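Comments concern the structure below.
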Amino acid sequence: MNRRVLLIFLLCCFTGVYAQNKKDVRVLQNDKIDSFQGQDSLNRNSNVKDFKNSKQIKANIEDYLIISQENDTTHVDTTLTIYKDYKFNYLRKDDFGLIPFSNLGQTYNTLSYDFENTKLMPSFGARARHFNYMEVEDINYYRVPTPLTEMFFKTAFEQGQLLDAFFTVNTTPRFNFSIAYKGLRSLGKYQHILTSTGNFRFTTNYATKNNKYHLRTHIVTQDLLNQENGGLQDSSVSYFETGNPEFLDRSILEVNFENAESILKGKRFHLDHTYDIVRKKDSTSSNKLNIRHIMSFEDKYYQYDQTTSNTFFGDAFKSSKLKDRVSLENLYNQFQLNYSNDLMGDLQFNVSNNNYNYGYDKLVVLNGETIVNRFKGDVFAVGGKYHKQYKSFDLVGEMGINITGNFDGNYIKGTASFKLNDDMSATASINHSSKAPNYNTLLYQSDYVNYNWRNNFNNTETEQLSFHLKSKKIVDITADYSTITDYTYFKKDETTSLLKAFQNNSTITYLRIKLEKEVTFGKFALNNTILYQNAQDNNNTINIPELTTRNTLYFSSNMFKKALYLQTGVTLNYFTSYYMNSYDPLLAEFYVQNEKEYGNFPRLDFFINAKIRQTRIFLKAEHFNSAFTGYNYYSAPNYPYRDFVVRFGIVWNFFM
């Protein structure tokens, strides 16, 4: 993996030098972009040579565009804010509502759930391994006036590091490509929890001279490997909680097994192209008509290997060389007809097809019955979208329904936004969804006897009503209320004490209210995020902490004649005790347990962040209170959270 990281880095450097000598480098037209908070740390104007006209022209930081799958456009941001600190982690996104396991690259336990859904097909299993699996919506496209490189580095736990190298260039004003690789290797503090992961991304973004045809593609390959140990043995849990100095070397604590590993691998080719049949020629034109085709082919598999069987999972069909492998091949095609009119708004009609092939390459006969080994077929769906903006109002609606195939599904979503003034805006949305449970709850096969099933579960029905009031001066409030029927989950059977998939046929109600507010006084600031949750569930299948909070007190200032920008402070993370979900390493899934509560421990992090030109430097003493607030901190039952550790990292942008 380290060789691949080095290769990508050298390729980025070589391509950057090559691209700088191309004879058609120009500044692009600005699209509408979002504004960013924080100090602008890059000279807003830099000289770019236009070789064709032999003169210098100006390139702004706003010209370095980032375009999402939904065509939302922002620009590169080199500022240093507290939100950059929240995103400086393995996922490179704010992980509020998640608690990581002890080693970098392992899974996360979920402290909060969002039941909004606009998908029609069941999801692949092994959800605990998908936090760092990059989906279609996680891939961005770029347009830049000069080559751009970003290097992300962060130390890991024992013999490892995390690196994310990215490079993008416009070879002409109409054609952009980007290449990136995120690689991690970390040994960890406990026995047999090594992680080794890699995410390779390649994107292209192209438009013809007349701007009538637009093309975007990406290729993504990912491999996420974890050694698995089943957590601490029950006898070792007491040694961990005593805080005895003899056991502060976590490698001497006994784990359940040391002979297993799991891997999630996937590759995807994605194509998204649009042709304008009728274009708006000038400001007096009112009509626009285009056709769009999206094709995405993904091939992925999850595999669990164990050298010898272990009673941790019950009886096995064989005693050695256990190997469970499940794969999914999915080819998705969608055709859209999009019409825009200044009076009517934006209308879309779409038809789509999913060709899926999920399953195993073997048959299982259990108790005289043969369990099918594969789901295979086609699902056709139709849908539509509507968007209309009128003065300060913005209305969006979308729907979809499966019309043929073995999986039923439908959704409808409506959103209304209103801008009250320059500071305050409000958004309300409603969402209904009916979707088949994940593939691995319907069909699973394993060399372990108990992990074999074929279930005929009902679709999970969800309804959600949400509201968001956004204001910098007052407070950000997000609230949503959901009802869930036929919720599918994993739990140990009360009779056999072995894990199975279940369905809760009663209706669950779930309320979330989140408040976000930063209070400043001079160069000091207090940033607060508070989440209240309540689930009414007679069967206790959705367990969440009632209160989750993150509070950061920090100081910010320019120093050394503004050559350096400094932020330093302390962050508190805390959630109340609750029946925390357990982790099953064979399935790579979390399951419900209602025997013991976990939580109610503070996590204090001290950080010093600095920015010098386009370089952001991050130094953090994580969980520095671990030695004096009690050794009762867990990410899941029998899986302790991280001890005190000091970690360092940087994010460095190069504008060539």
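Rule-based calculations on the coordinates, nothing more; no lab input. What you are looking at is a predicted structure, and each value in this text was computed from that prediction instead of being measured. As a convention, Cβ positions derive from the backbone with ideal geometry for all residues, glycine included, and neighbour counts pool all protein chains shown.
Below is a table of values for the structure above.
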| quantity | calculated |
| --- | --- |
| Relative contact order [Cα under 8 Å, 6+ residues apart], the range 246-400, whole percent | 17 percent |
| Lys, Arg +1 and Asp, Glu -1 on Cβ, resulting dipole of the range 47-201 about Cα centre, debye, nearest 20 | 560 debye |
| Listed residues G630, N504, V645: farthest to the positive end of the dipole of the range 499-656 (Cβ charges) | V645 |
| Candidate values (1) 1.13; (2) 1.00; (3) 0.92, label of the one derived for Cα Rg over 2.2 N^0.38 Å | (2) |
| Residue (of V169, L322, L619) at the positive-pole extreme of the range 2-655, dipole from beta-carbon charges | V169 |
| Relative contact order (percent, whole number), the range 457-587, Cα cutoff 8 Å, 6+ residue spacing | 16 percent |
| Three principal axis lengths of the range 69-177 [C-alpha, angstrom, descending] | 44, 42, 26 |
| Check: the range 162-260 dipole with +1 on Lys, Arg Cβ and -1 on Asp, Glu Cβ, in debye | 1320 debye |
| Cross-link pairs K413/K470; K93/K514; K267/K470; K362/K413; K323/K491 - those with Cα-Cα distance over 29 Å | K267/K470; K362/K413 |
| Potential lengthening between D94 and R454 on full extension [0.36 nm per residue; Cα-Cα distance subtracted] | 125.9 nm |
| E116/I371 FRET efficiency (R0 41 Å; Cβ-Cβ; nearest 0.05) | 0.75 |
| About the Cα centre, charge dipole magnitude for the chain (Lys/Arg +1, Asp/Glu -1 at Cβ), debye | 3100 debye |
| Inter-centroid distance (Cα atoms) of the range 360-434 relative to the range 439-475, Å | 13 Å |
| Computed label-point distance, nm, for sites L337 and E595 using a 7 Å Cα→Cβ extension | 6.0 nm |
| The range 223-287 and the range 540-618: distance between their alpha carbon centers, rounded to Å | 17 Å |
